[in-house]
1. If I take the Cα coordinates of the range 75-221 and project them onto the principal axes, what are the three extents in Å, biggest first?
2. What order do you get for 41, 168 when you list them from fewest to most C-beta neighbours inside 10 Å?
3. Local charge sum around residue 172 (other residues, Cβ-Cβ under 13 Å, Lys/Arg +1, Asp/Glu -1)?
4. Distance from a point 7 Å along Cα→Cβ of residue 82 to each backbone N in the range 27-67: keep the residues under 12 Å and list them by number.
5. Suppose R0 equals 45 Å. What FRET efficiency, 1/(1 + (r/R0)^6) with r the Cβ-Cβ distance, do residue 175 and residue 91 give to the nearest 0.05?
6. Taking N as the number of residues in the range 179-267, what is its Cα Rg relative to 2.2 N^0.38 Å?
7. Calculate how large, on average over all directions, the projected area of the Cα convex hull of the chain is; give the answer in nm² to one decimal.
8. Any chance you could list the semi-axes, whole Å, largest first, of the equivalent ellipsoid that the Cα gyration tensor gives for the range 100-161, using √(5λ)?
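No lab work stands behind these numbers, since they all come straight from the coordinates. These numbers come from a predicted model, not from an experiment. Because the Cβ atoms are built from the backbone with ideal geometry, glycine has one as well, and the counts that use them run over all protein chains shown.
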Amino acid sequence: MKNASAINGYEMFVIQMLFSGAAAGFIYPTFLIRSTEGAYWIPIAVWIAGALLSSWLYSRMLARLEDNKLIVVIRSSLGTIWASILCLPALLFLFGALIVMLRAYSEIITMTMLPTTPISFLNGMLLAPASLALAGMMPIVRAARVFFLLALTCTLALLILGFSDIDWTLGTPLLRTNGDFLLDKHFYAGSFLWMGFTITSLIGSYRMQSARRAWKSYVIALFCALPFIAGYVYLPIMTFGRELSQRLTFPFVSKMDSIYHYWVVFENMTAIFVSVTMLYVLLIMALQLHALGETIKSLMPRAKTGLIYVIIFIVVYSVATYLSSWRAVEQIVFITVGIRLYMMFVFPLLGMAVLAFAQRRGGKGNEI
């Protein structure tokens with residue numbers, strides 16, 4: 001079967017663009033808008049630099065794998081116990097990401113389309129990405145290629161419609177900042193948007209050529225996604241102003257709800273946006289589920305794959321359903337900031353140290 005290292009550059013680009021769409025459209029704007037009183041593009045630029053650094057570190061680590069899986073090599077180098085300790089934040093990060101994405105999307109459906117439908121029923125949508133994740137990486141890639149152009153076209157059309165009733169002056173200041181976002185928890189809470197490369201690094205085998213190709217695709221996707229990310233942030237600001245936008249739970253969803261033109265065939269722009277976002281969310285949840293399943297399987301190779309995914313499904317569904325409100329979901333995002341920063345910057349450094357030690361030990365063994 002075709003493994004993850006055989007994914008071509010376009011496929012990796014598609015996956016990373018879909019990840020940006022799933023994370024940026026309805027969760028990220030809230031955190032960024034609340035993080036600063038200055039120009040919003042500056043904290044975005046800071047995170048771009050952080051994402052480039054993190055993905056570069058991962059690409060350097062993956063280039064050492066020689067067509068092996070990352071977690072498998074770490075386990076063979078450190079043993080099961082120490083590898084599990086090193087990878088525990090990765091497991092917590094993936095569980096947290098799945099819980100937040102599932103519950104956030106269920107919340108947005110409840111608020112906009114199905115107000116009387118129980119959250120427990122809406123969370124059942126996890127069954128679709130779980131089935132896709134169990135099927136393997138290549139079915140996820142094929143589904144991503146099918147839905148990418150449709151989702152991208154619809155998103156671009158919605159963003160263009162969003163420019164029809166804005167006040168450009170509300171987007172100021174454009175150059176002033178005092179760095180206040182660096183001391184604000186909302187700025188760090190938005191780190192999940194910039195971790196697409198972290199997730200794909202945990203899936204499949206890599207070698208030097210595939211690691212470089214994957215990193216280049218990520219960089220291209222990152223800069224291609226920037227206009228969409230800026231639109232998600234600035235359009236609500238230039239429609240409602242700063243103060244009102246900071247109070248909105250989903251600013252861009254509220255922005256879609258404010259659009260009305262007599263010549264537009266579809267009256268409910270919010271429903272269209274939520275439906276398009278579902279394509280992003282279901283595919284990215286499948287990717288996260290597959291990464292989580294692959295990580296657990298690599299740490300416990302004797303465990304049955306089907307049982308692993310059943311347990312993951314039960315845990316994610318139960319926790320997402322148990323959460324009492326959207327505020328509880330936000331608290332999870334805040335609490336797990338340290339884990340995400342660890343995964344972005346510390347884990348690849350530790351991984352490179354482990355791989356370098358394993359290669360050195362292997363070299364000495366060959367000499368003997």
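1. Sorted largest first, the three principal extents are 58, 44, 31 Å.
2. 168, 41
3. 0
4. So the set is empty, nothing qualifies.
5. After rounding to 0.05, the efficiency reads 0.60.
6. So the range 179-267 has a normalised radius of gyration of 1.50.
7. 18.9
8. Values: eigenvalues 109, 89, 11 Å².
Largest first, the range 100-161 gives 23, 21, 7 Å.
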